[in-house]
Amino acid sequence: MSTSTYKRFEDPESGYLPDKMTVYQECLQAFNASPIRAKKCRLLLSRLLRLLYDGQTFPKTEATNLFFSVSKLFHNGDPSLRQLAYLAIKELCTISDDVLMITASIMKDIQGGEPVFKPNAVRTLARVLDGSTIHAAERAMRNCIVDSNQTVCSAALVSTYHLLPVAHDVVRRWANEAQEAISANKKLVRSPYAIHEAFGSSPRLPQSTFFHQYHALGLIYQLKKQDRMAMLKLIQQLTSRQPLQSPFAVLQLVRYVAALLQADTNLSQQFWPLFASWLNHKSEMVELEAAKVVLTGSFKFNPDQQLKAISSLQELLSVPRTVTRFAAVRLLSRVALADPEKVRACNSDLESLVNDPCRAISTYAITTLLKTGNAQSVDRLVKTIAGFMDDISDEFKVVVVEAVRTLALKFPEKHSTLLSFLGDALRDEGGFSFKNSVIEAIFDIIKFVPVAREASLELLCEFIEDCEYTELAVRVLHLLGEYGPKTPKPSLYVRHIYNRVVLENSIVRSSAVIALSKFALVNDRKLTASIRILLKRCLQDADDEVRDRAALSLRLLEAADDGPTAAAKARGLLEPESRFSLAALEQQLCRYVRSKDKSSFTTPFDITSVATHTEEEVLAAEYKAKTTVEEDQIVSSPTPETTKATKSLPEPADLAARADLLEQQYAQELSAVPEFEEYGPLLHSSEVVELTEVETEFVVSAVKHIFKEHLVVQYNVQNTLKDIQLENVTVVAQLDTDAYSEDLAIPAETLKPDSSVSIYVSFSRPHDLALATLANTLSYVTKDVEEATGEPAEDDEGFPDEYQIEDLSIVPGDFVSPCFTTSFTNVFDDLDNEEVSVYNLGSPETVKIQEVVTKLTQSMSMMALEGSDNVEGSASHTLKLFGKSVNGDRVAAVVKLVSSSKGVMMRIQVRSSDAELSQLLANQW
């Protein structure tokens, strides 16, 4: 066969597939011929495999005929033909009948065959066997696992993975062989038919790659992952007496340790010596994986240990291997999102990567510098990155734009430089994801940087003149209608919006009509008259939705002329002051539609039951979603188990919806309790407060719910014991003040082993913000659970017992909700009641300013504004906080932190419309 003919028929890139029936007939003829022509059979097998790998299937009868025809090739001794035959049998055995007939031939090759096709025979045997026939081949599989040939051992171990779902109990008996395979010295038996590559610069090939350790470790983990003590013993054994030689196995071991830390973060210090050795490992990928785990925020590694991981990544920035530098700089970029101060020590090395030949590395280097740099370096870095924006893909352009967006919120005074960069990005070529990220960045600047609002709106007006994406045009028009009327010269944006009515499709025209109608609400009669004329022209539009929207807008504007009341109603419809919580609305609608009681559909859906939010509350949720970084962004999931858990975590853009759902969930749970029906709406719920350690036999946490006249404490109790059942479970809470009086307690009747319940204790609270401390005692009746029935004996009366848990404090932050404001300085100056307090927090060696800032934000339950929650320097910092009390009072705080030789000094200046609130927040430490 000529080269051109072979390429035309066999090249996967050509898109050509051989005819299925032709291949079928030729295979039957060639495989049943005598003598067997090995070269022709190899070519036909390659075509058959090409069909099977492409997803083509054969009917069961034809597949069975092919299966037994291929099995006749075992009479030929050509090793290459036999290898291809095993590949074909593996694919055909799943769609053929009577595949067990070939077991004897496969077992013959396994027990005395050549090393070149023995691994293929092991893999094929695993596909042929099932739960009822695996016992016949159990001894052969065990021998292959402990085989001295590394390739045969790896094939047996991998095949065992496929046997786990069908014969788990049998495979469990092979754990000792797998354990032995890890420590055994396997050799890489070479065949003259195989082609190998030299490792590194040495011309000699290694005697063993130790890759079988990776497969053996994975099998042992599957067998022991439910036994925590067995996993701890295995890790100790593999890191002390039998150190792993394969870097892939060490990498997998790091991930298994991370899985244990995910379940119990208190093991972090116990495993730190291991991570310290892995951070200095000879394999770069092991160092990277260990650094990922150490820098994950959910694990309790102290700052000094995290600094060592940063140092390890800093060294990897200068290695010659491109993929290693890329992985290190990408991890540093993700860490910089959560804590720029940690990465600032690597700025000099990142500077050297700005001109790296790999544009992906240089992109991450500059974006990391943008996150960790100061205001003086913004202009230089933005100018540098603008020089090679055309040379990188849209994926990395999005990374750059995200860094610029974060920078705009962090340094509002640099908005002109950053807007110029974003404007150039809008004019460049790019896909939807890139353009959408630029639009999102400009939207955030408009919302959270008021001084840059007009310049940003001009950029958006220019963008929609030549926008090819309908979705983006609709969003921009909505934003122009929301913020355009609030500018000093709203008439500047009317022309751009009306051009969309004339030139765009029906979807964009409909959005433009609503945006135009909002400009008629400004106190400008001439502009209002012009808007009405433009809306009347829209009544002649070809699309019915455009006409309907124009007619509705004109009707509302005409009604606004009837008086102040009608005008306010029209404004409320065109420009509502509050918005529905979309997450809560979706939840309520789903519950209404999925109701088992179909007669409930006769009752209309009650829209008043859905929570609404003011514009400030919506901005607060959006701001928190934009500036919060989830821990799963910093490190990839180490195991399949953590992958499943990580997928359920929200992205940063979904944090606002998550907060709404959590608040709605609390409200629904409390409203379902008859005793709380008359308490009214839920005003605020605190964060979860842990009252016991996670290792205790009873794990208790609490959530404080504030109502208008009541305080409800929800105690979540988990019974970790396997053979003890609790009954009549309640919490005895004793207050240290007379300001609160206990109304009722709702106990849990039964708390079964390894389960959780919620217990409620309600107090009447005064109208003022009274502080208190609750001394809590868990009271219950203990009963032993019988192993046979899983229930206590009928005659077991149990015995009463108590369990002391930590005290719970009612703090001022329980009465405050985070809130956003676009102008913190103006709001702070408008508030009258001021309270100032000064504290000495202790030595700078033990007190870190970043930790103080995080604790203040959480304890005061207020929102950090203007990027003040990120500490840039270690000597001084100013934190700006804003929120609202449950009584509707606004409260703002300016906290100044200074570190000196005398200690870390903190000055809290709180202003509020309520004098008592200011005093409590300023003096709670």
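We did not get these values from a lab; they are worked out from the coordinates using the rules stated. This structure is a prediction, so every number in the text was calculated from the model and none was measured. Virtual Cβ from ideal backbone geometry, glycine too; neighbours counted across all protein chains shown.
Remarks
- Contact order relative to length of the chain, as percent, for alpha carbon pairs under 8 angstrom and 6 or more apart: 5 percent
- Between segment 234-268 and segment 92-168, the alpha-carbon center distance in angstrom: 30 Å
- Within segment 838-906, trypsin sites (Lys or Arg not before Pro) in DSSP loop having at most 12 other beta-carbon neighbours inside 10 Å: 902
- Of 233/292; 848/884; 447/536; 224/282, those spanning more than 26 Å from alpha-carbon to alpha-carbon: 848/884; 447/536; 224/282
- Whether segment 353-575 is rounded, prolate or oblate, judged on the alpha carbon gyration tensor where a/c under 1.5 counts as rounded: prolate
- Our summary of shape: the Cα atoms of the chain have principal axis extents of 102, 80, 71 Å, ordered from largest down, in whole angstrom.
- The string of couplings for segment 694-708 from the Karplus curve (6.51, -1.76, 1.60, θ = phi - 60°) is 6, 8, 6, 5, 10, 9, 10, 9, 9, 10, 9, 10, 9, 10, 4 Hz, one whole number per residue in order, with x for Gly and Pro.
- Computed from Cα atoms alone, the Kirkwood hydrodynamic radius reported for segment 814-922 is 14.0 Å.
- Over all pairs of different C-alpha atoms in segment 422-539, the reciprocal of the mean inverse distance, the Kirkwood hydrodynamic radius, equals 14.4 Å.
- Relative contact order for segment 24-155: 21 percent, from Cα pairs under 8 Å spaced at least 6 residues apart, divided by residue count.
- Charges were assigned to the Cβ only: +1 to each Lys and Arg, -1 to each Asp and Glu. The resulting dipole of segment 738-857 about its Cα centre is roughly 740 debye.
- Positive-end extreme of charge dipole, segment 836-925 - chosen from 898, 879, 850 (charges on Cβ): 898
- When the charge dipole of the chain is built from unit charges on Cβ atoms (+1 for Lys and Arg, -1 for Asp and Glu) and taken about the Cα centre, the candidate among 310, 862, 478 whose Cα reaches farthest toward its positive end is 310.
- Given charges at beta-carbon only (K, R positive; D, E negative), |dipole| of the chain in Debye: 5040 debye
- Each helix, a run of at least 4 DSSP H residues, gives -39500 (n - 2.57); summed and divided by the residues of the chain, these come to -15500 deg cm²/dmol at 222 nm.
- Shape of segment 80-174, Cα gyration tensor, a/c cut at 1.5: oblate
- The charge dipole of segment 814-922, taken about its Cα centre with unit charges on the Cβ of Lys, Arg, Asp and Glu (plus for the first two, minus for the last two), comes to roughly 320 debye.
- Euclidean distance of C-alpha centroids, segment 741-769 and segment 367-446, integer Å: 51 Å
- Taking every alpha-carbon pair under 8 Å whose residues sit at least 6 apart, segment 353-575 reaches a relative contact order of 11 percent.
- Dividing the convex hull volume of the alpha carbon atoms of segment 673-810 by its residue count gives 111 Å³ per residue.
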